[in-house]
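The values are calculated or read from the model by the stated rules, or taken from the named source; none is laboratory data. None of these values were measured; they are calculated from a predicted model. Neighbour counts are summed over all protein chains in view; Cβ atoms, including those assigned to glycine, are modelled from backbone coordinates with ideal geometry. Note: accessible area is taken over every heavy atom of the protein model, side chains too, but ligands, DNA and RNA are not part of it. Shrake-Rupley method; radii C 1.70, N 1.55, O 1.52, S 1.80 Å.
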Protein chains: 2
Amino acid sequence: MPKSDIEIAREASIRPIIEVGEKLGIPQEQILQYGPYKGKVSFDFIRSLEDRPDGRLILVTAITPTPAGEGKTTTTVGLGDGLNSIGKNAAICLREPSLGPCFGMKGGAAGGGYAQVVPMEDINLHFTGDFHAIGIAHNLLSALIDNHIYWGNELGIDSRRVAWRRVVDMNDRSLRQIVSSLGGAANGFSREDGFDIVVASEVMAIFCLASDLEDLTERLGKIVVAYTRDKKPVLARDLQAEGPMAVLLRDAIAPNLVQTLENNPAFIHGGPFANIAHGCNSVIATRTALKLADYVVTEAGFGADLGAEKFFDIKCRKAGLKPSAAVIVATVRALKMHGGVAKDDLGKENVEAVKKGCSNLARHIRNVKAFGVPAVVAINRFVTDTDAEVEAVQSVAQELGAKAILCTHWAEGSQGTQELARHVVELVESGVDQFAPLYDDEMPLWDKIHTIATHLYGAHDIQADKTVRNRIKELQETGYGHLPICMAKTQYSFSTDGNLKGAPSGHSVTIREVRLSAGAEFVVAVCGDIMTMPGLPRTPAANNIRLDPEGRIEGLF
Amino acid sequence: MPKSDIEIAREASIRPIIEVGEKLGIPQEQILQYGPYKGKVSFDFIRSLEDRPDGRLILVTAITPTPAGEGKTTTTVGLGDGLNSIGKNAAICLREPSLGPCFGMKGGAAGGGYAQVVPMEDINLHFTGDFHAIGIAHNLLSALIDNHIYWGNELGIDSRRVAWRRVVDMNDRSLRQIVSSLGGAANGFSREDGFDIVVASEVMAIFCLASDLEDLTERLGKIVVAYTRDKKPVLARDLQAEGPMAVLLRDAIAPNLVQTLENNPAFIHGGPFANIAHGCNSVIATRTALKLADYVVTEAGFGADLGAEKFFDIKCRKAGLKPSAAVIVATVRALKMHGGVAKDDLGKENVEAVKKGCSNLARHIRNVKAFGVPAVVAINRFVTDTDAEVEAVQSVAQELGAKAILCTHWAEGSQGTQELARHVVELVESGVDQFAPLYDDEMPLWDKIHTIATHLYGAHDIQADKTVRNRIKELQETGYGHLPICMAKTQYSFSTDGNLKGAPSGHSVTIREVRLSAGAEFVVAVCGDIMTMPGLPRTPAANNIRLDPEGRIEGLF
């Protein structure tokens, strides 16, 4: 039986975090330690780096995934280790996992096999407390809204139009929709409310897009929390909320440093939803890594249609980042699925289905290239993959001018990604990258959505009912027209129908709703059911999680 | 103008926490650092101390307080520094402050003047994340309850009789009473629910009374979360919740080490409510401190009628601690109030009122002595106090066989508590202490309440309606009769009427409700309005809290 992730992690020879920091040239006293293996890089040190040149930024993204995921995180870890193993100074940047889902179905999000970040239990649970800080900052704003209404409501908030829900870092379906302030006058004015999971908070998105504490405060102040009876927006700064919220986030905003199983530096910082938010780690972590390493490998959520697009059009645009290359992770299994094979048959060789399913890969390659970013395909190998299937993928990629490289990091660590690492270095050094976002800031909101849907999703057009169109018009006219779009649609298809596999064309994308994230500075176009508070399954993972007699965690994976 | 607390704290020469630990003989690698000035003492190290002899334990308690408080925390800090300054190896143990109230009215709880613990901003905000861990462990149990009901409710939980509310570490009145699980079948079964502040969680009380991780897990499993339709209790362990809850608390349960302004060691760990819970820092912190220091000074919430009684009858009883002395903090102002002086006149000399108000002090001295613990009075000096007033206090104390010593630690640090420190050493070394709890475990619950009310509060009797009497009888008969009582009554009087100052006698104590804290192992007797979720004031302190351009916190105090 192969070793479990946690067994592999426990056997690793983890190094003190100050040693890992030393590799990047961070003086010991500039790492705020959270125990021996976790640290935050001090802001003083980060400020001192401003004049240094940036390293090269490599995005790891994926084809349209199966529910199991294609292995972006393991590939990011594996490529980081691979680059280090061929003598490069490389760091990786990942998102922080949310604590809540650990007790539900999925287990953690710290990689797997021999491509993990450690200490994995810490990373998956409280880590350095960032998500707790984000949650409490969010809920302070909630308390200030209801407190304002309670004490006379000078701003004239319409309690039916409070746009700011509450958050908890737990899968708890019973809090999705509640009525609050019951029990009489002393408890305020009853109204409908609800809770989202912390990663869905706009504070999380702001945290990940802010360039520094000042920008963070400014953005927090711009959050639209409610509307008045005549539909004028009420902002967080109208409640003087941005100051205390920034105070609560002051320590959290410094990026976290941990390590891979091969003792290479890993920044793990921030983790916004990839549907109603942009799904990438913090700008501060990425920028810090770029100052300290020659190669920085990072990931974005979901497939390239969502994750890479938002990474390019939101994060890179706003933070002035210039990615030099993109790795598109693909699995033979997922390509077979896109080729029409049923789930139970994915283990059987089927070269024709792989070829057919490569239509999905092909569109992702073209899309990434449309941003001026050179691409390489990483085939994340499973034991059931046959040589003929792998060759089929490689030949399709070849036709599109991208190399497809077999990777075995899960089983072999950096040994399994050295070829990928060498090719990435080649791509980056070739200087062919000429990154540009897909659309200009000035393009109207409607046209931005249209551009994404037609250029990247293969859609024929976009649709929206009158209410949605009016809302888009209103945002356009009230000073939000320059914002980028954050698409919220299913990650399982280029279309808005998760069952349409491969590379569907000619479909129509219906925008059901638009949401303004004024602090995060994007407009969310909702094109499907969006779940911002998961539930627990019948038999939650929590049932198997406990401490063993030595106080070690059992059952987290 | 005198310096503010935060100005004094910032001018302090704070030392690296590993140096503070060295004073106590803690090896550097046994302190898990949270930045340079905060640390958790490792459990491995704590386990290695088992065979060491204990130091002496000194409780700081107070007379019946005014709403401003009499200065227990500053006196605890001052006495700890005083003991160190006369050459003793002393440590202090305090409660962690709750984050929520910082944004409301009160500011922080890290001492004041020259008797503070630092880093005060950290201590008052997220600190080492303990309260966040407690909050999320609590809410995991909540989610598991509703999830169990959602998936078929095999245990037959009566959704009208769920006893486990949710928590958030924020003053948020609008969450006191809610209806959850609205919005249709996918969101569960609608029911009444509500949120308490984290410090009111039974998990907090358990955290503070648990002797180790095993005991913690055991206690968490015993929590009564709900009742079935035929009123049988459903426990947390029926939901397999104790394992994952303990996992979430694993790091938090290690005690936090910080320092006073004079660089002496301070353990700050846990902070349960002093009304529905016992109001003392964690047993683990106190025990660890006793292994490492010759003198350990600790505090308990509210006046001695509540705080000291619970410290003795709950914490010391259960943890096998033997306090060697008690310091009763008094202020001339509060004694004048007990003598009948109106709030606006407290600044004027009034020796007669002081004498009259000393009836309150006298009863507290007698009460403390009834536990076999020698007492000393610390007069926490205010500038308006006159010599004649101070002498009046001293002479009353003298008559009761207790010395009353003037203390000026707020203005002078350890210089202001050396006389107190020397006298405490004398008391402790005299060996006159013969601590025993007020009542035996075997005494019936009703009689325990009666004993506390008549022996300590001066009450004539206790009363309760039939429902409450039946509930007490039921608890007595279902295996909870051996538990100690946790009295929840106003802290502003020996009686249940906060306006009855001095030392009222012959009154009746009405028990309105009893609550079972089966995991914390006490029965709460509620004798007044108990607020477990505060609200924010019209102009919350949050309005003035912000970061200055250097990223430092402004307005926290």
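Using protein heavy atoms only (no ligands, DNA or RNA), what is the total accessible area buried between B and A, 1.4 Å probe, nearest 100 Å²? Intermediate results must be reported in sequence, preceding the final value.
Details: alone 22370 and 22350 Å², together 39060 Å².
Adding both sides of the contact gives about 5700 Å².
Step by step: find N for chain B, compute 2.2 N^0.38 Å, then divide the Cα radius of gyration by it. What's the final number? Mind dumping the intermediate values first?
Details: Rg = 23.0 Å, N = 557, 2.2 N^0.38 = 24.3 Å.
Compared with the compact-globule rule of thumb, chain B sits at 0.95.
Can you report the principal axis dimensions of the range A:367-431 using only the alpha carbons, biggest first, rounded to whole angstrom?
Largest first, the range A:367-431 extends 34, 24, 15 Å along its Cα principal axes.
So what's the back-of-envelope 222 nm ellipticity for chain B, counting only DSSP H runs of four-plus at -39500 (n - 2.57) apiece and dividing by all residues, rounded to 500? All intermediate terms of the calculation are to be shown ahead of the outcome.
Values: 18 runs with 173 residues, N = 557.
For chain B, the value works out to -9000 deg cm²/dmol.
For the range A:445-527, with every protein chain kept in place, what is the accessible area per residue (1.4 Å probe, Å²)?
40
By a straight-distance test (C-alpha under 17 Å), which aspartates and glutamates pair with B:LYS501 as possible cross-link partners, with residues fewer than eight away in the same chain excluded?
Leaving aside aspartates and glutamates fewer than 8 places away in the same chain, those within reach of B:LYS501 are B:GLU70, B:ASP305, B:ASP344, B:ASP345, B:GLU352.
Can you tell me the FRET efficiency between A:ARG52 and A:GLN476 if r is taken as the Cβ-Cβ distance and R0 is 60 Å, rounded to the nearest 0.05? Each step should come with its number before you reach the end.
On the way: r = 40 Å, r/R0 = 0.66.
Calculated transfer efficiency: 0.90.
At 7 angstrom along the Cα-to-beta-carbon line, where would the label on A:ALA388 sit relative to the other copies? Give the distances in nm, shortest first.
In ascending order, 11.0 nm.
If A:ARG229, B:ARG52 are ordered by their accessible area, calculated over protein heavy atoms with a 1.4 Å probe, which sequence runs from highest to lowest? Display every interim value, and only then the final one.
Numbers: A:ARG229 180, B:ARG52 100 Å².
Highest to lowest solvent-accessible surface, that is A:ARG229, B:ARG52.
What does the convex hull of the Cα atoms of the range B:281-323 come to per residue, in Å³, rounded to a whole number? If you can, show how the numbers build up before the last one.
Values: hull volume 2.8 nm³, N = 43.
Hull volume over Cα atoms, normalised by residue count, gives 65 Å³.
Let me know the charge dipole size of chain A about its Cα centre in debye, to the nearest 20, where only the beta-carbon of Lys, Arg (+1) and Asp, Glu (-1) is charged. If you can, show how the numbers build up before the last one.
Working: 58 positive and 68 negative charges, 215 e Å.
Roughly 1040 debye for chain A.
Which of the residues in the range A:527-557 show a loss of at least 50 Å² in accessible area from their chain by itself to the complete set of protein chains, at a probe of 1.4 Å?
Going by heavy-atom accessible area, the residues of the range A:527-557 that drop by at least 50 Å² are A:LEU536, A:ARG538, A:ASN543, A:LEU547.
When all alpha-carbon pairs of the protein assembly as shown are counted, what percent fall beyond 56 Å? Before the final figure, lay out the partial values.
Details: 113969 of 619941 pairs.
In whole percent, the share of Cα-Cα pairs in the protein assembly as shown beyond 56 Å is 18.
Report, for B:GLY25, each distance to the same residue's label point in the other copies, shortest first and in nm; define the point 7 Å along Cα→Cβ.
Spelled out, the distances from B:GLY25's label point are 4.6 nm.
Which distance in nm do the two modelled labels at B:ASP215 and B:ASP529 give, with both placed 7 Å along the Cα-to-Cβ direction?
According to this spin-label approximation, the distance is 3.7 nm.
Of A:TYR492, A:THR260, A:ALA334, whose Cα points farthest to the positive end of the dipole of chain A (charges on the beta-carbon: +1 Lys, Arg; -1 Asp, Glu; origin at the Cα centre)?
Of the options given, the answer is A:TYR492.
Say the dipole of chain B comes from +1 at the beta carbon of Lys and Arg and -1 at that of Asp and Glu; which of B:GLY519, B:THR76, B:LEU445 then lies farthest toward its positive end?
Result: B:LEU445, furthest along the dipole toward the positive end.
With axes computed from alpha carbons, what is the tilt in degrees of helix B:130-150 against the longest principal axis of chain B, rounded to the nearest 10 within 0 to 90?
Roughly 20 degrees, rounded to the nearest 10.
Return, for the Cα atoms of the range A:423-506, the radius of gyration and Dmax in Å, separated by a comma.
Using the Cα atoms of the range A:423-506, the pair Rg, Dmax is 16.4, 50 Å.
Considering only C-alpha atoms, what is the centroid distance from the range B:420-482 to the range B:179-234, in Å?
About 27 Å separates the Cα centre of the range B:420-482 from the one of the range B:179-234.
Amide H of B:ALA378: which non-local residues (sequence gap of 5 or more, or other chain) have their own amide H closer than 5 Å, using H built in the peptide plane?
B:ILE328, B:VAL329, B:ALA330, B:ILE405
Rounded to the nearest whole Å², what accessible area per residue is found for the range B:265-338 with the 1.4 Å probe? The partial results should precede the final answer.
On the way: 930 Å² over 74 residues.
Normalised by residue count, the accessible surface of the range B:265-338 is 13 Å².
What are the residues whose amide H is under 5 Å from the amide H of B:HIS482, where those residues sit 5 or more places off or on another chain and H is modelled from the backbone?
none
At a 1.4 Å probe, what is the % contribution of carbon and sulfur to the accessible area of the range B:131-246?
Details: 1760 of 3730 Å².
That share works out to 47 percent.
With r as the distance between the Cβ atoms of B:GLN28 and A:LYS3 and R0 = 25 Å, compute the FRET efficiency 1/(1 + (r/R0)^6) and round to 0.05.
0.15
Once you charge only the Cβ atoms, +1 for Lys and Arg and -1 for Asp and Glu, what is the size of the charge dipole of the range B:131-246 about its Cα centre, to the nearest 20 debye? Could you put the intermediate results ahead of the total?
Details: 13 positive and 16 negative charges, 100 e Å.
Dipole magnitude for the range B:131-246 comes out near 480 debye.
Compute log10 of I(q)/I(0) for the range A:131-246 with the Debye formula, placing one identical point scatterer on every Cα and leaving out solvent, at q = 0.13, 0.17, 0.19 Å⁻¹, to two decimals.
For the requested q values the scattering log ratios are -0.49, -0.83, -1.03.
Taking only Cα atoms, what is the 0 to 90° angle, nearest 10, from helix B:466-475's long axis to the longest principal axis of chain B?
90
Provide the gained length on full extension for the span A:ALA436 to A:GLN463, in nm with one decimal, where the gain is 0.36 nm per separating residue minus the Cα-Cα distance. If you can, show how the numbers build up before the last one.
Numbers: separation 27, 0.36 × 27 = 9.72 nm, distance 2.67 nm.
Extending this stretch completely gives an extra 7.0 nm.
What's the extension gain from A:ALA186 to A:GLU426 if we count 0.36 nm per residue and subtract their Cα-Cα distance? All intermediate terms of the calculation are to be shown ahead of the outcome.
Working: separation 240, 0.36 × 240 = 86.40 nm, distance 6.71 nm.
Additional length available on full extension: 79.7 nm.
Looking at A:LEU239, A:VAL162, A:SER201, which one has the Cα that reaches farthest to the positive end of the dipole of the range A:131-246 (charges on Cβ: Lys, Arg +1; Asp, Glu -1)?
In the range A:131-246, that residue is A:VAL162.
Mind pulling the angle between the C-alpha long axis of helix A:387-399 and the longest principal axis of chain A? Nearest 10 degrees, somewhere in 0 to 90.
Taking the Cα atoms of chain A, the angle to A:387-399 is about 70 degrees.
So what is log10(I(q)/I(0)) for the range A:1-114 at q = 0.13 1/Å, when the Debye sum runs over its Cα atoms only?
Result of the Debye calculation: -0.68.
Given a Förster distance of 30 angstrom, what is the FRET efficiency for B:LYS348 paired with B:SER505, based on the Cβ-Cβ distance and rounded to 0.05? Don't skip to the end; give the middle numbers.
Values: r = 28 Å, r/R0 = 0.95.
My answer for the efficiency is 0.60.
What does the charge dipole of the range B:425-529 about its Cα centre add up to, to the nearest 20 debye, if the Cβ of each Lys and Arg holds +1 and the Cβ of each Asp and Glu holds -1? All intermediate terms of the calculation are to be shown ahead of the outcome.
Working: 9 positive and 15 negative charges, 117 e Å.
Rounded to the nearest 20 debye, it is 560 debye.
Ordered shortest first, which distances in nm separate the 7 Å Cα→C-beta label point of A:PRO2 from those of the other copies?
6.7
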